[in-house]
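Reading through the structure tokens given below for one structure.
The values are calculated or read from the model by the stated rules, or taken from the named source; none is laboratory data. Keep in mind the model is a prediction, meaning the values are calculated, not measured. FYI the Cβ positions are ideal-geometry reconstructions off the backbone, even for glycines, and counts take in every protein chain you see. These accessible areas exclude ligands, DNA and RNA; they are computed on the full protein's heavy atoms, side chains included. Shrake-Rupley method; radii C 1.70, N 1.55, O 1.52, S 1.80 Å.
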Amino acid sequence: MTIQWFPGHMAKARRQVTEKLGLIDIVFELVDARIPASSRNPMIDEIISNKPRLLLLNKADMADPKVTKEWISYFKENGIHALAIDSQAGIGMKQIVTEAKHILQEKFDKMAAKGIRPRAVRALIVGIPNVGKSTLINRLAKKNIAQTGDRPGITKAQQWIKVGKEIELLDTPGILWPKFEDQEVGLKLATTGAIKDTILNLQDIAVYALRFLQENYPISLKERYNLEDIPNEIVELFDEIGKRRGCMMSGGITDYDKVAELVIREIRTEKLGKLTFEKPQDKSED
Ligand code: GDP
């Protein structure tokens, strides 16, 4: 199920997150480590306002580790606590607890000084669809609580999930919309599978992805498709990949849709290695 983000839905999603903020100490903002900027909600800073936050770069197992490190430093330099995690394998879960406690240390010390009994840190996970919110909740809970996939229409009573003794997590994550007004952001979201292919043209997504690989990961591209040289012309690149992978129509014509589908699928399943589609430097050029 894909959420249709009409203005009314955005307002409702925002309201639902805002309502929960009063119940919690900290927001765990989940983003995709392959697109840490494009997978953020455009209004997140305004929505969560001055609530403490821990930014979690999820799916780090699929991202370029070198660039992930650059992103973590970038966020730290900008005063945002950030961690790289892999919710599917459960990597980084302990650090989430440690870091959350660290961020809230002062607040909890003040509460203790006033004689308030120590309690668990209360947290809410927020993020755009498909970023791994349900997977992370299930990992932290160590059992299946959240249904994976988008369930915007289903509401039920709010429940707290205990994560060890130190964290309590709201069982329903806050689902926010991505920044799809920007064409390039849309292409990145589509390349990583965050939005449905039907929203954008498959060939457009593949052209974007191949150009990106051409420029940033030429060796991976060459090796995967046995290319001696990477043709400059994108059509020729499609032709070369098509020839090698049998994506042809009768009369020896390249089946461009088939090539596009193959390339996108192979990127998403890590056949071209660990890829990150944006760097912190790109942001300053915006
Ligand atoms: P939600 O819509 O934010 O709740 O996202 P889901 O939890 O349903 O996850 C979307 C997809 O991403 C699922 O296929 C998950 O298995 C996958 N996924 C979630 N976290 C990770 C991760 O850290 N690494 C990888 N490789 N896949 C993940």
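Couple of notes before you dig in:
- Within the range 125-170, being away from the ligand (no atom under 13 Å from the Cβ), modelled with pLDDT under 90 and in contact with a helix residue (DSSP H, G or I) (Cβ under 8 Å, 6 or more places away or on another chain) holds for GLN158, GLY164.
- Screening the candidates ARG122, ARG117 for the property of being under 13 Å from LEU169 (Cα atoms), more than 16 Å from the ligand (Cβ to nearest atom) and either open to solvent by less than 80 Å² (accessible area, probe 1.4 Å) or not β-branched (Val, Ile, Thr) (or both) yields one hit, ARG122.
- The lone exception for LYS274 - which of (1) open to solvent by less than 80 Å² (accessible area, probe 1.4 Å); (2) closer than 30 Å to LYS69 by Cα it fails: (1)
- The range 96-107 - residue that is closer than 20 Å to ILE161 by Cβ, of a type outside the set (A, V, I, L, M) and in contact (Cβ under 8 Å) with a residue 12 or more places away in the chain and, of those, nearest to the ligand (Cβ to nearest atom): GLU99
- Residues being hydrophobic (A, V, I, L, M, F, W, C), closer than 24 Å to GLN4 by Cβ and not in a loop (DSSP other than H, G, I, E, B) - total across the range 193-247: 3
- Taking the criterion of being modelled with pLDDT of 90 or more and assigned to a loop (DSSP other than H, G, I, E, B), the residues of the range 269-286 that qualify are THR269, GLU270, LYS271, LEU272, GLY273, LYS274, LEU275, THR276, PHE277, GLU278, LYS279.
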